[in-house]
1. Determine the dipole magnitude for the range 278-377: charges of +1 sit on the beta-carbon of Lys and Arg, -1 on that of Asp and Glu, nothing else is charged, the reference point is the Cα centre, and the result goes in debye to the nearest 20.
2. Taking the simple approach of a point 7 Å from Cα along Cα-to-Cβ for both Glu522 and Asp150, what is their distance in nm?
3. Sorting check: for 136-142, 635-641, which peptide has the highest mean count of neighbouring beta carbons within 10 Å, and how do the rest follow?
4. Over the range 520-597, what is the mean sequence separation of C-alpha contacts under 8 Å (at least six apart), divided by residue count, expressed as relative contact order in percent?
5. Quick check: residue separation of Trp358 and Phe584 times 0.36 nm, minus the Cα distance between them. What number comes out in nm?
6. List the lysines whose Cα lies under 16 Å from the Cα of Lys225, skipping any in the same chain that are fewer than 8 positions away.
7. When all alpha-carbon pairs of the chain are counted, what percent fall beyond 32 Å?
8. Of Ala506, Phe45, Ile565, which is farthest towards the positive pole of the chain's charge dipole, taken about the Cα centre with +1 and -1 on the beta-carbons of Lys, Arg and Asp, Glu respectively?
Amino acid sequence: MMSRKSVLLCLLFICGAICLLLLYDRHSPAGLCFSRESGFYEDSFELNLSAPFGARIYYTLDGSLPDENAFLYTTPILIDDATSQPNLHSMRTDTSPYFFYEKPVYKLPDYPVDKCTVVRAAYQDANGNFSEVKTESYFVGYGEKKGYKDVNVISIVTDPENLFDYDTGIYVLGRKYDEYLDSIENAESVENLPEEEANSYQHGREWERPVDIQIFNTEREVFLKQSCGVRIQGGGSRTNLPKSLNLYAREKYSRAARFYVDLFGTGYMPDTVTLTAGGQDTIAKFRDMFVSTLTKDRAFSTMDYEPYIMFLNGEYWGVYWLTERYNDTYLGYYYDADADNIIMMKNNKLTRESDEDWGLYVSMTNFLRDTDFTKAENYESVSYVIDLQSYIDYYATEIYIGSYADWPGTNEAFWRVREPAENTGPGVQYEDGRWRWMLFDVNTSALRENVVEKDVLAHTMERSPVFHNLCQSDAFKKQFTLTLMDLANETFSERNTEPVIEEWLALMKEPTETHLRRFYGEESLYRFDEEVADIRAFLEHRKPYAAKYLKENFGLKGELASVKIEMTGGCGGQIVLNTITPTFDEQGIWQGEYFTDYPITLSATANEGYRFIGWELVDEQEKETVAEASLELEIPEEGLYLRAVFEKIG
């Protein structure tokens, strides 16, 4: 029998234990907590996990979802540089048929690829219920590693089965592809077999998988953490490695229908974005971004691009560009149009199926294809149906850069509002019901030296009945010729393109070489320099061929003649020539070439603190001054030389 003293001690012990338990419960976390957030760390550390009182924490390090079969958390997790861990997903060969060619396109890395530590954890309460999964990515010791400077990093984490399962994984060839190969008699080589049966070629919501992403900016701060959906993106490039991906913000994943951060520095917060691996531009991964950057001022839509390095379930997965996707959200933001009132056609398909919308598209194409545009009154009506400068800018750009392998017809998109606004003045100028064009996917044949001499204008006239019919109009030929020569003289000139190329090389040469070593092997590094030389050679030699084909296909009678403009008065004003704003050199000189068949238009606008005096037309005999700010001038065979004279006020 216990003494009174023993009973008292027992009661005190029980009360103390209850108090400690109550105190612990009061201060225990309401949910799952990590002692460190996703990020870049110079030194290794121990990661502590905590959960509500009585819960058991399970975690994984391979991207899989934690359950009772995962690691049970009992002690802190050591986080250090994971690069020394064995390569896992980067050693797979079931991701592309190019591994099985007689001369394989890709090479498995023979060194430890860079890695980060991915921790996914959830807790199980006393009733056996699991909490939501929390995902973090940790990069240790990346301060001195090459190939990452000034480039954003994205970590994509998902259950490996979502990507690599034989039946349902979206990143692999899969069972159906293998069964298809087995069903073909006398299949001597995989090099000539279609890949449409592969898992990675499947489309739609059925082939969308959940992922967690963490984005780190160039300062290595966490810029975005979100659960979202992922699909494989592209056409023929789905065969490639690495593959392009579409990311989708949906409430089902994170209760957010947008990526609510300014990913592109424009204020636009998209609901879907693309991580493009370059399409067919597999080595340089430059052509899409390059053309979009150069043509930002043209009358068609372009995408913004931001450079990224991807890690997939903790393994280095190469260089990508994060870019916008054309959809109602994009058009609503950039053109201030009602997203529910937008019709968009892409690759001859409506982005939203509607018989009424299809009828508007068919009506437009029938009108442009079948109307006799040799009659001036008919051609004047074109501008009521389409934004003609948008169409001409777009087609002139595609033709000049050498797009022909998969264009026109495919890789073409355009849009309009369904119900035009009653007032289409300032602020609603894009709600006039006219079709406008959108640039994308110029990575197949464009900007390659082997198409410098190709007559893409004739090819386009043969392939597009609408374009061919518009070319019967003298007014269209005039506007198209002037626009294409504007592009040749300014947009794609050396003085305009070289700074963009040099900036890209300074930023992306080292990251791209790291990428090439990972997917093609050390011996592939020379290919990057070859691609740069290829782009430069095209730009250097394209202009005379583009001009030649204008003359031949349009039956021009005149010749190319020089147009030289000198601007006096320093920063006195702005000059507009046809559709361009000329870039003057340090001496205040701009020079280009135009056909003498058509006059050019010029306008001058004085900057604040200056006045425009006039144009000085200079030739060998005399100098004539014209005071009008806007001019239309014929071009003599010997060329045109004029000065824009500005004067400082006061």
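The values are calculated or read from the model by the stated rules, or taken from the named source; none is laboratory data. These numbers were taken from a predicted model, which means no experiment stands behind them. As a convention, Cβ positions derive from the backbone with ideal geometry for all residues, glycine included, and neighbour counts pool all protein chains shown. Areas reflect the complete protein model, heavy atoms only, side chains present, ligands, DNA and RNA absent. Shrake-Rupley method; radii C 1.70, N 1.55, O 1.52, S 1.80 Å.
1. Details: 10 positive and 18 negative charges, 100 e Å.
For this selection, approximately 480 debye.
2. Rounded to a tenth, the inter-label distance reads 2.8 nm.
3. Details: 136-142: 22.3, 635-641: 14.9.
Ranking the peptides 136-142, 635-641 by packing returns 136-142, 635-641.
4. Values: 48 pairs, mean separation 25.5, N = 78.
33 percent.
5. Details: separation 226, 0.36 × 226 = 81.36 nm, distance 4.61 nm.
Once the chain is fully extended between Trp358 and Phe584, it gains 76.8 nm.
6. Counting by Cα, and skipping residues close in sequence, Lys225 has these lysines nearby: Lys134, Lys252.
7. Details: 125920 of 210925 pairs.
Percentage above 32 Å: 60.
8. The residue sitting farthest along the positive end of the dipole is Phe45.
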